[in-house]
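First the structure, in the form of structure tokens, and then the observations on it.
The values are calculated or read from the model by the stated rules, or taken from the named source; none is laboratory data. In this text the structure is predicted, and so the values were computed from the model without any measurement. With ideal geometry, Cβ positions are generated from the backbone for all residues, glycine too; neighbour counts draw on all protein chains shown. Each accessible area value is taken on the protein alone, full model and side chains, heavy atoms only, with ligands, DNA and RNA left out. Shrake-Rupley method; radii C 1.70, N 1.55, O 1.52, S 1.80 Å.
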Amino acid sequence: MAAVTMVQAINMALARAMAEDPQVVVLGEDVGRDGGVFRATEGLLDRFGADRVFDTPLAEAAIAGVAVGLAAQGFRPVAEIQFSGFIYPALDQMISHAARMRNRTRGRLTCPMVLRAPNGGGIRAAELHSESPEALFAHVPGLRVALPSSPERAYRLLLAAIRDPDPVVFLEPTRLYRAGSEDVADDGKAAPLDRAFVLRPGEDLTLVAWGGVVPMALAAAERLAEEGISAEVVDMAWLKPLDTATLIESVARTGRCVIAQEAARSGGVGAEIAARLAERVLDRLAAPIERVAAYDAVLPYPRLEAHCLPSETRLLAAARRAMGRA
Amino acid sequence: MAQSTDALIGLYRAMCLTRAFDAKAIALQRTGRLGTFASSLGQEAVSVGVAAAMRPEDVLLPSFRDHGAMLWRGVDMAESLLYWGGDERGSDFAGPRQDFPVSVPVGTHAPHAAGVALAFKLRREPRVAVCLFGDGATSKGDVAEALNIAGVWRLPAVFVVCNNRWAISTPVERQTAAETLARKADAAGMPGERIDGNDVELVVETAARALARARDGQGPSLIEALTYRMGDHTTADDARRYRDDAEVSRQWAQDPIARTRRRLVDLGAWGKAQEEGMLAEHAAAIERAVERYAATPAQPPVTLFDYTYANLPAELAEQRAAFRPEDA
Ligand SMILES: Cc1ncc(C[n+]2csc(CCOP(=O)(O)OP(=O)(O)O)c2C)c(N)n1
Ligand SMILES: [Mg+2]
């Protein structure tokens, strides 16, 4: 077992899935010889050949649409969009077709595809390379949306996504691609579908996060512990469908919830989480639910980006407010 | 390559059935027994002709106006009525199980054809994906992307533009400055051909050539079949708001059905007796289909939850459990 980065873990999961299922194919811009601009598909062309790994023309609607056609024919395409900032032409295919194919043919044709894309900020990249559009997909019945937050969870969630018989949008936090490494056993074990991870147990407060801000939530929990506050950290991992049971169980117990969301605040997945908690455990809340999110501003270029995105400082302030220690 | 007389009779009958089915569907809509319906009046030769050139194992990706092709491929008229009547089960047809359901977002199925064709190519199967769309669809990026990718990868696909001159109220001249829609093939590096889409024999022959080419590993083609939308865009449209009746009347001279009948009569292969027999046969078959359609038991309302995912996720299972049909 070797220590791997998240991008290596993704590569490992792709290779594993391709080795165990000949229907799994990989397509996207520069995914072949170049191995993807982040190297997520490195070595796959050499190992599995040109019948399993295809470089596509620069055409996002077609990348998703070709995947729909392949999937309807029984393949399990894993399509890469180079950055989630360029995923929007593929939205039409995902919403109008991938998400609906099973329903509109009553199961005759289905769409077991994965649309992968690097997601989120914190990498000082050019315009439209740092957005977090996950809520656009999480709104759509028929889709699944997953975001990993560590190498191991990336490996297991991606295997779950590829094996799932329905379309999954898999958004990989770019800032975590090489942020650290950990031992990941290449054992082919998938994470459970639609289930959140409780990464750190706690009693006073629940910190809910997903994707790129999960390490921030874990760091905040560490700081809070020094202040005598026991914070539970829940990594949602799947934003569609949402693991309401884990959320409810945690917040009913702690009575306080702070949601950390890298995407813009309004209409984000955090709003849905807050709504579900309000519906189910309002009477157990000792403090208002807090949301720490990007401001509802156009995401600034790198020089101001950090001022817009959630920070550990803002997260800690929200947690202290919830604890009545502001 | 002219069709054999028997084959031509088959095409003629299929076009007539399509037209009779179409008229029935409109009548059902007018009397509240069907939802909005898109008539294929006047363009039957394109839809039927293209399907007739296909093999059963090929895959059709139709537009919403391709009843002719779908019926030829074995979709039951009752299934088609079920679809237009607002029931998802209409696309779970028993016949061509791998054919796609109609595409409602215009042109968005063109990339699927590339994907299906890629599947055939990867499995080294001698099969072809056949995609039908309208003149309006050729303005869409999806279509351009699909043609381009099919060209680069030399996919076994045939793209057919049914140029019926109109996209709702927009005439094809306002759709493109290109001289022909067939020329869009040039940019994708595939052969493109404009043909008279009201000549069913020519449609079959041209499509057959393109299919053979694709099957033989020589890549995709684009066919522009010129025809005319004789009816309203759909039952929800009134074409008199934007086009002259005189133009429509002139187009009747090109009616593909009348043309084919004349040809059969000239060949001595068709007469009054056959015509009357066929019409009665079609009327009876359509009546039976309408009866099957009307007698189809309704879907239990709760099934609205059941095909969103392969397995009900917890949150949806919860909504399903709380669902009460009487609340609607
Ligand atoms: C993407 C998209 N835009 C708009 C519509 C509404 N609409 C339905 S059919 C149509 C015109 C289509 O014209 P064409 O492609 O020529 O096909 P035809 O109707 O002539 O068969 C329009 C605008 C739609 N269904 N999909
Ligand atoms: Mg048209």
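Quick one: which helices (runs of 4 or more DSSP H) sit completely within the stretch A:1-111 and have at least 3 residues that are open to solvent by less than 10 Å² (accessible area, probe 1.4 Å), within 14 Å of another protein chain (Cβ to nearest Cβ) and out of contact with any helix residue (DSSP H, G or I) (no Cβ under 6 Å at 6 or more places or on another chain)?
Result: A:60-72.
With the requirement that a residue be of a type in the set (Val, Ile, Thr) and either touching a Phe, Trp or Tyr at 6+ places or on another chain (Cβ under 6 Å) or surrounded by fewer than 23 Cβ atoms within 10 Å (Cβ to Cβ) (or both), what does the stretch B:3-19 give you?
Within the stretch B:3-19, B:THR5, B:ILE9 qualify.
For B:ASP66, indicate whether it is within 16 Å of ligand 2 (Cβ to nearest atom) and in the same structural domain as B:ALA157 (by TED's automatic domain parsing).
yes
So for the stretch B:213-225 (the condition being crowded, with 18+ Cβ neighbours inside 10 Å, away from chain A (no Cβ under 14 Å), β-branched (Val, Ile, Thr) and more than 16 Å from ligand 1 (Cβ to nearest atom)), does at least one residue qualify?
Checked against the condition, which is being crowded, with 18+ Cβ neighbours inside 10 Å, away from chain A (no Cβ under 14 Å), β-branched (Val, Ile, Thr) and more than 16 Å from ligand 1 (Cβ to nearest atom), the stretch B:213-225 yields no hits at all.
Only one of A:ARG163, A:ARG144, A:ARG178, A:ARG200 is open to solvent by 10 Å² or more (accessible area, probe 1.4 Å), under 29 Å from A:HIS97 (Cβ atoms) and charged (D, E, K, R). Can you tell me which?
A:ARG163
In the list B:ALA269, B:ALA298, B:ALA185, which residue meets the criterion of being under 30 Å from B:LEU155 (Cα atoms), away from ligand 2 (no atom under 16 Å from the Cβ) and aliphatic (A, V, I, L, M)?
The conditions single out B:ALA185.
Quick grid of which residues meet (1) under 21 Å from the mean Cα position of the chain (by Cα); (2) free of Cβ contacts under 8 Å to residues at least 60 places away in the same chain:
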| site | (1), (2) |
| --- | --- |
| A:VAL184 | yes, no |
| A:ARG195 | yes, yes |
| A:VAL198 | yes, yes |
| A:VAL213 | yes, no |
| A:MET216 | yes, no |
| A:ALA231 | no, no |
| A:ASP235 | yes, no |
| A:LEU239 | yes, no |
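Of the residues that sit in the stretch B:119-140 and are open to solvent by less than 10 Å² (accessible area, probe 1.4 Å) and more than 8 Å from ligand 1 (Cβ to nearest atom), which one is nearest to the chain's Cα centre (by Cα)?
Step by step, filter the stretch B:119-140, then rank; the result is B:LEU132.
List, please: which pairs have Cβ atoms under 6 Å, are six or more places apart or on different chains, and start with a residue in the stretch B:113-137 that is within 8 Å of another protein chain (Cβ to nearest Cβ) and end with one that is within 16 Å of ligand 1 (Cβ to nearest atom) and not aliphatic (A, V, I, L, M)?
So the pair list comes out as B:ALA113/B:CYS131.
Residue check: is B:GLY107 within 16 Å of ligand 2 (Cβ to nearest atom), touching a residue at least 12 places away in the same chain (Cβ under 8 Å) and open to solvent by 10 Å² or more (accessible area, probe 1.4 Å)?
Here the answer is no, as B:GLY107 does not meet what is asked.
Looking only at residues in the stretch A:210-230 that are open to solvent by less than 50 Å² (accessible area, probe 1.4 Å) and not in a helix (DSSP H, G or I), which one is farthest from A:PHE197 (Cα to Cα)?
Here the residue is A:ILE229.
Checking the structure you have, find out if any residue of the stretch B:200-209 is away from ligand 1 (no atom under 16 Å from the Cβ), within 14 Å of chain A (Cβ to nearest Cβ) and part of a helix (DSSP H, G or I).
Scanning the stretch B:200-209, I find no residue that is away from ligand 1 (no atom under 16 Å from the Cβ), within 14 Å of chain A (Cβ to nearest Cβ) and part of a helix (DSSP H, G or I), so the answer is no.
Can you give me the number of residues within the stretch B:141-174 that are touching a Pro at 6+ places or on another chain (Cβ under 9 Å), open to solvent by 40 Å² or more (accessible area, probe 1.4 Å) and either within 16 Å of ligand 1 (Cβ to nearest atom) or not assigned by TED's automatic domain parsing to the domain that holds B:PHE120 (or both)?
3
Tell me, which helices (runs of 4 or more DSSP H) lie completely within the stretch B:59-172 with 2 or more residues that are within 22 Å of B:ALA208 (Cα to Cα)?
The qualifying helices (runs of 4 or more DSSP H) are B:67-72, B:110-122, B:141-152.
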